[in-house]
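Working notes, beginning with the structure itself.
The values are calculated or read from the model by the stated rules, or taken from the named source; none is laboratory data. On a predicted model such as this, the values are computed, not experimentally measured, just so you know. Using ideal geometry, Cβ is built from the backbone for each residue, glycine included, and neighbour counts are taken over all protein chains shown.
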Amino acid sequence: MFAAPWPPMSMSSIIDILLVALIIYEFLALIKGTRASLMLVGVAAMALVFYFSRLGELTTLHWLISTLLPYAVFALIVVFSAEIRQALARLGRKLTFSRTPAEADAYDDIALAANLFAQNQTGALIVIEREIGLRTYIESGVPLDAHLSYDLLATIFRPSAPLHDGAVIVQGDRIAAAACFLPLSMNPVLSTQLGTRHRAGIGVTEETDAIAVIVSEETGAISVAVAGKIERDLTVEQLRERLGGLLRRYVSAAALPTPIANGEENSEDSLSANSGLPLNAESRSNRGADD
């Protein structure tokens, strides 16, 4: 068979093969490291059983699989709905060459507010919208449509404020809504030390391409969740650099001011004493679950 002469390859055949290879590669890259990869193994096993049942003339088994196969297609669509949305969104970004607008000063305010929350051990969850819209989650909270600023974030997440529970959703340089409800991640691999706030931040990044900035109420540790994965115990400088990389903007290498000595200072004193971003306090060794 290999010694036989190969059929002539036209340009359209080469393009066809390359497109199929590209689709297979993008599909495998999309499901790599997700729950879909294990489920794909199960689907492949069922396909092999179907093939051998037909080859071995196992009539009953072949009839059973043939009967269940149409329903399995709809079940796969439901199970892989999140992955399908991500694939279509990624395709749309590549076709439109769209970029997320980001104001450097606005997102520096997020890092500054996260530092304040970390020092005062105030729980906070800030979700930054990118290409995939978060309208469903915005409608679950209290609409604000206000300019993003350090003072507003400090006011919203003040423990005595009525909007401190739930998430703040940021669109561009504006706060779209506060006290929003987010889906909790059901990933069994996550640490048991992660509470509801962290699981909600991870959950929204599993469903969309959003960025979640999380501050633990128990330890004051700053975390960033992206694409269902979380990076914990970040400093303010690391948070700025991470946001800059994710939002595709330049982050200046200017030295940050001296850290705030007293972690119990209020937001007004912290803002007046530090014109830029203070350094984050050292991450505490003990970690606990948020309320």
Task: residue 191, sole failed condition from (1) among the small types (Gly, Ala, Ser); (2) outside any strand (DSSP E or B); (3) surrounded by 21 or more Cβ atoms within 10 Å (Cβ to Cβ) - done: (3)
Open item on the list: Which pairs turn up if I take residues in the range 220-248 that are farther than 19 Å from residue 109 by Cβ and look for partners that are in a helix (DSSP H, G or I) and among the acidic types (Asp, Glu) with beta carbon separation below 7 Å, at least 6 apart in sequence or on another chain?
Closed with: 228/206
- [ ] Looking for whichever is buried (at least 21 other Cβ atoms within 10 Å of the Cβ) and either assigned by TED's automatic domain parsing to the domain that holds residue 158 or in contact with a Phe, Trp or Tyr (Cβ under 9 Å, 6 or more places away or on another chain) (or both) here; the options are 227, 210. Which one fits?
- [x] 210
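Is there a residue in the range 106-117 that is at pLDDT below 80 and either among the acidic types (Asp, Glu) or under 23 Å from residue 202 (Cβ atoms) (or both)?
The first filter runs over the range 106-117 and keeps only residues at pLDDT below 80, leaving 106-107.
Restricting the remaining residues to those that are either among the acidic types (Asp, Glu) or under 23 Å from residue 202 (Cβ atoms) (or both) gives 107.
Taking every residue of the range 106-117 in turn, at least one turns out to be at pLDDT below 80 and either among the acidic types (Asp, Glu) or under 23 Å from residue 202 (Cβ atoms) (or both).
Do we have residue 211 as among the aliphatic types (A, V, I, L, M) and out of contact with any His (no Cβ under 7 Å at 6 or more places or on another chain) here?
Working: among the aliphatic types (A, V, I, L, M): yes; out of contact with any His (no Cβ under 7 Å at 6 or more places or on another chain): yes.
Answer is yes for this residue.
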Open item on the list: Restricting to the range 214-246, give me the number of residues that are of a type outside the set (A, V, I, L, M, F, W, C), within 18 Å of residue 168 (Cα to Cα) and part of a strand (DSSP E or B).
Closed with: 1
